[in-house]
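Structure first, commentary second.
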Amino acid sequence: MSEPKLHFEVRQTTATSRVVKVMVPAKVVVQILDEKIRALQKTATLQGFRKGKVPASVIRSRWLDQILDEIKGRLIEANTPTVMDQEQVDKKTVTGEPTIKKVKISEKKGLSYEIHLKTVEPGSVVDFSKPAPPLGGKG
């Protein structure tokens, strides 16, 4: 069985907030990193090398931080909606925009980040898709 591309855990920090810790395995990060480096090898222009002939080790040593930043952004953008659609995250109770915090990426540990959500207290969500009960008796 293959390793999952995404793992997350939801914990309630207070009555009105939740934190979702998201982890993308290192294997996925390295795969994307290698693809990006191969693509850059074909187009990179660097003094002392012919176009398309820059070694992967040179690209890695010069631009690794920028490449990892790009991968980080792409993975967060791609995975956050997936996490928010899971049943452990009740979107009906989430208010406002999620906040992304504690972002870490490396080839050895993969990507990890937290999604901080503000929520309403359980039981206080009103379902406006159903008709309201009549006011004041038989109506």
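General remarks:
- Scanning segment 44-55 turns up no residue that is at pLDDT 85 or above, farther than 22 Å from Phe8 by Cβ and part of a helix (DSSP H, G or I).
- Filtering Val89, Val120 for residues that are modelled with pLDDT under 90, touching a Lys or Arg at 6+ places or on another chain (Cβ under 9 Å) and closer than 13 Å to Val22 by Cα leaves a single hit, Val89.
- Scanning segment 13-26 for residues that are exposed (fewer than 15 other Cβ atoms within 10 Å of the Cβ) and assigned to a strand (DSSP E or B) returns Thr13, Thr14, Ser17.
- Filtered residue count, segment 1-43, keeping only those that are of a type in the set (S, T, N, Q) and either at pLDDT 90 or above or in contact with a Leu (Cβ under 7 Å, 6 or more places away or on another chain) (or both): 2
- Residue check, Val29 closer than 30 Å to Met84 by Cα, in contact with a Lys or Arg (Cβ under 7 Å, 6 or more places away or on another chain), among the β-branched types (Val, Ile, Thr) and surrounded by 11 or more Cβ atoms within 10 Å (Cβ to Cβ): no
The values are calculated or read from the model by the stated rules, or taken from the named source; none is laboratory data. Quick caveat: nothing in here was measured; it's all calculated off a predicted structure. Positions of Cβ are generated from backbone atoms using ideal geometry, with glycine treated the same way; all protein chains shown enter the neighbour counts.
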